[in-house]
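Chemist: Here's a structure for you.
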Amino acid sequence: MHRIILASQSPRRKELLSLIEKDFSVITADIDERSIEEEVLKKHDDMVEAGKEMTVLLGKTKAEAVFESLEDKENVIVIGADTCVVTKDEILGKPTDREDCVRMLTKLTGAPHYVITGVSLVSKDKTVCFYDESRVIFNDMDEYQKMKIEEYADTKEPYDKAGAYGIQGKGSMLIKKLDGDFYNVMGLPVSRLAKELWQF
């Protein structure tokens, strides 16, 4: 029986992991996310491919840092994850302010974008990395969508989320269609992770 550690303070990831495992702990480590992101972006013109590599590498780096900090490494699995929102020409992080939030949501409106979550499972004996990709389409831009974007930007919800929206909250009113795992868009592909843990 493995002891499970989540290398993330995200309340959404804690909530989603609890669907799979009732007993786990949370430990985080500081890593230089910005330098990893910059290194990956230098290598890619295709933002979707960059997003896949970036999220997997960030999740792996987080998990490895936590694993290395443990005194007792026996029968432990550390789970690291990272999520990004990708358009054809940009990887969207968290909005810096209201103006940036409106810019992001306007950019996402009317065109497909991708939400990619990279996950890494690290133990003493092996490391398993994977990513999950969901395709999201916002509503077309009209007066109603503009109003909803402005209203949403006035709430607290968008500002701690990549791409400036949460599919599980008021951000759902901006969305027309989802192809893929709903929970992946929240920040953790539950079904795939459950299978990977079972196979571990």
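Please treat every number below as a calculation from the coordinates, not as lab data. Note that the structure is predicted; figures quoted are calculated from it, not measured. Glycine also receives a Cβ, built like all others from the backbone with ideal geometry; neighbour counts cover every protein chain displayed.
Chemist: Over the chain, what is the percentage of antiparallel beta bridges among all DSSP beta bridges, to the nearest 5?
Modeler: Bridges in the chain are about 80 percent antiparallel.
Chemist: Further question on the same structure: Just list whichever of Lys146/Lys177; Lys107/Lys176; Lys94/Lys176; Lys14/Lys124; Lys107/Lys170; Lys52/Lys148 have alpha carbons separated by over 20 Å in the model shown.
Modeler: Checking Cα-Cα distances, Lys94/Lys176; Lys14/Lys124; Lys52/Lys148 exceed 20 Å.
Chemist: Would you mind calculating the gained length between Glu38 and Glu71 on full extension (0.36 nm times residue separation, minus the Cα-Cα distance), in nm to one decimal?
Modeler: Contour length minus Cα-Cα distance gives 8.7 nm.
Chemist: Ok, one more. Which log10 I(q)/I(0) values, to two decimals, does the chain give at q = 0.09, 0.13, 0.18 Å⁻¹ under the Debye formula with one point per Cα?
Modeler: The computed values of log10 I(q)/I(0) come out as -0.34, -0.69, -1.21.
Chemist: Using +1 on the beta carbon of Lys and Arg, -1 on that of Asp and Glu, and nothing else charged, what's the dipole of region 3-199 about the Cα centre, debye to 20?
Modeler: That gives region 3-199 a dipole magnitude of about 520 debye.
Chemist: Restricting attention to region 109-172, which trypsin sites (Lys or Arg not before Pro) occupy a DSSP loop and are surrounded by at most 16 other Cβ atoms within 10 Å?
Modeler: Of the trypsin sites (Lys or Arg not before Pro), the ones in loops of region 109-172 whose Cβ has at most 16 other Cβ atoms within 10 Å are Lys124, Lys126, Lys156.
Chemist: If I fit a long axis through the Cα atoms of helix 47-69 and take the longest principal axis of the Cα atoms of the chain, what angle between them do I get, 0 to 90°, rounded to 10?
Modeler: Value to nearest ten degrees: 40.
Chemist: I'd like the GluC sites (Glu not before Pro) in region 2-74 restricted to DSSP loop residues with at most 11 other Cβ atoms within 10 Å, sorted by number.
Modeler: Sparse-neighbourhood loop GluC sites (Glu not before Pro): Glu71, Glu74.
Chemist: Express in nm, to one decimal, how much length is gained between Lys177 and Thr106 on full extension, taking 0.36 nm for each residue of separation and deducting their alpha carbon distance.
Modeler: Value of the extension gain: 23.9 nm.
Chemist: Would you calculate the volume per residue, in Å³, of the smallest convex hull containing every Cα atom of region 1-118?
Modeler: Convex hull volume per residue, Cα atoms: 125 Å³.
Chemist: Compute the helix-to-body angle for 143-153: its Cα long axis versus the longest principal axis of the chain, expressed 0 to 90° and rounded to tens.
Modeler: 40
Chemist: If I take all pairs of Cα atoms in region 110-150, what percentage of them are more than 15 Å from each other?
Modeler: Every Cα pair in region 110-150 considered, those over 15 Å come to 62 percent.
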